[in-house]
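Take a look at the structure set out below.
The values are calculated or read from the model by the stated rules, or taken from the named source; none is laboratory data. As the structure is a computational prediction, the values presented were derived from the model and not from experiment. Heads up, the Cβs are rebuilt from the backbone with ideal geometry, glycines too, and the neighbour counts pull from every protein chain shown. Surface areas here come from the heavy atoms of the whole protein model, side chains and all, with no ligands, DNA or RNA. Shrake-Rupley method; radii C 1.70, N 1.55, O 1.52, S 1.80 Å.
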Amino acid sequence: MAIDRLLGIMARLRDPGRGCPWDLQQDFRSIAPHTLEEAYEVADAIERADLDALRDELGDLLFQVVFHAQLARERGAFAFDDVVEAICDKLTRRHPHVFGDAVVADAQEQSRAWERLKAQERAAKGQGDGALADVPLALPALARARKLGQRAADAGFDWPDAAGPRAKIDEELAELDRARTGGDAARLEAELGDLLFSVVNLARHLGVDPEAALRRANDRFARRYRHVERALAARGLTADAAKPELLDRLWADAKAENP
């Protein structure tokens, strides 16, 4: 099987006598940033609808899983097969409507059932029964804010519709404006954070992934700014030498050409 070949390659890379010096120096902490990077590269390939790149990036991500499993095997903690068995058991346990006798009406009901099962698992592991018990600290801030908001909402702590978080944004903007005049850097940061968190809550109510929305906004800004740069260069100008009126006009043109 192909996975056996990959496991063999990984073991050879970590062989103390004839392995790769770089691979031999790694541990869980040093590999973790590479794991995150590969996950983002998978997301990037999906965003670009590049299936050839997706195949390659999924392979890179799988290699990260194999690397962590090899490190754990060397410590006598677990091996790759244990990782596979664990996820198979978890998926079977969390889909009783597929592998058991439970019945769910739709995807929304299944999501609620999934969260109930996860809460039961957290309690069984002694992680507490709080709704936010296992939301990872290492998640990107936007993704973690969305997950925290969703967990609280699943527990009943939420607005009934999008009007609530939209009004909260106005409230937080007013508090941010007051903080701007106070000269307190810590309060300014806190109020800006509250504003961003409120925007994430609005995105959740609108059914928008804030991470994806911001990523695409970044791409739009980059395309539009490059358009402005080219237009300025054609005039023999740079952004710092152009008048604000010209920059505004070129930006409007860029938005029209790069919606």
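Return the residues of the range 8-25 that are open to solvent by 50 Å² or more (accessible area, probe 1.4 Å), part of a helix (DSSP H, G or I) and of a type outside the set (S, T, N, Q); say none if nothing qualifies.
Residues satisfying the conditions are Ile9, Arg12, Pro21, Trp22, Leu24.
Across the range 63-78, which residue is nearest to Arg5 (Cα to Cα) among those that are surrounded by 15 or more Cβ atoms within 10 Å (Cβ to Cβ) and out of contact with any Phe, Trp or Tyr (no Cβ under 7 Å at 6 or more places or on another chain)?
Phe63
Let me confirm something: among Val104, Val83, which residue is open to solvent by less than 70 Å² (accessible area, probe 1.4 Å), at pLDDT 95 or above, touching a helix residue (DSSP H, G or I) at 6+ places or on another chain (Cβ under 6 Å) and of a type in the set (Val, Ile, Thr)?
Exactly one of Val104, Val83 is open to solvent by less than 70 Å² (accessible area, probe 1.4 Å), at pLDDT 95 or above, touching a helix residue (DSSP H, G or I) at 6+ places or on another chain (Cβ under 6 Å) and of a type in the set (Val, Ile, Thr), namely Val83.
So is Arg144 in a helix (DSSP H, G or I) and open to solvent by 70 Å² or more (accessible area, probe 1.4 Å) or not?
Numbers: in a helix (DSSP H, G or I): yes; open to solvent by 70 Å² or more (accessible area, probe 1.4 Å): no.
Here the answer is no, as Arg144 does not meet what is asked.
I'd like the full set of residues that are in a helix (DSSP H, G or I) and surrounded by 15 or more Cβ atoms within 10 Å (Cβ to Cβ), limited to the range 233-259.
Leu246, Leu247, Leu250, Trp251, Ala254 - these are the residues of the range 233-259 that are in a helix (DSSP H, G or I) and surrounded by 15 or more Cβ atoms within 10 Å (Cβ to Cβ).
For the range 47-57: of the residues being under 19 Å from Arg215 (Cβ atoms) and surrounded by fewer than 15 Cβ atoms within 10 Å (Cβ to Cβ), which is modelled with the highest pLDDT?
The qualifying residue modelled with the highest pLDDT is Asp50.
Of all residues in the range 171-193, count the ones that are open to solvent by 70 Å² or more (accessible area, probe 1.4 Å), under 26 Å from the mean Cα position of the chain (by Cα) and either of a type in the set (D, E, K, R) or closer than 19 Å to Val208 by Cα (or both).
1
In the range 218-232, is there at least one residue being of a type outside the set (Lys, Arg), under 30 Å from Pro160 (Cβ atoms) and either surrounded by fewer than 15 Cβ atoms within 10 Å (Cβ to Cβ) or without any contact (Cβ under 8 Å) to a residue 60 or more places away in the chain (or both)?
Looking through the range 218-232, none of the residues is of a type outside the set (Lys, Arg), under 30 Å from Pro160 (Cβ atoms) and either surrounded by fewer than 15 Cβ atoms within 10 Å (Cβ to Cβ) or without any contact (Cβ under 8 Å) to a residue 60 or more places away in the chain (or both).
Taking interchain pairs and intrachain pairs at least six residues apart, which have beta carbon atoms under 6 angstrom, with the first residue in the range 182-207 and of a type in the set (D, E, K, R) and the second open to solvent by less than 50 Å² (accessible area, probe 1.4 Å)?
That search, which allows pairs on different chains as well, returns Arg187/Ala179; Glu191/Glu175; Glu191/Leu176; Glu191/Ala179; Asp194/Glu172; Arg204/Gly149.
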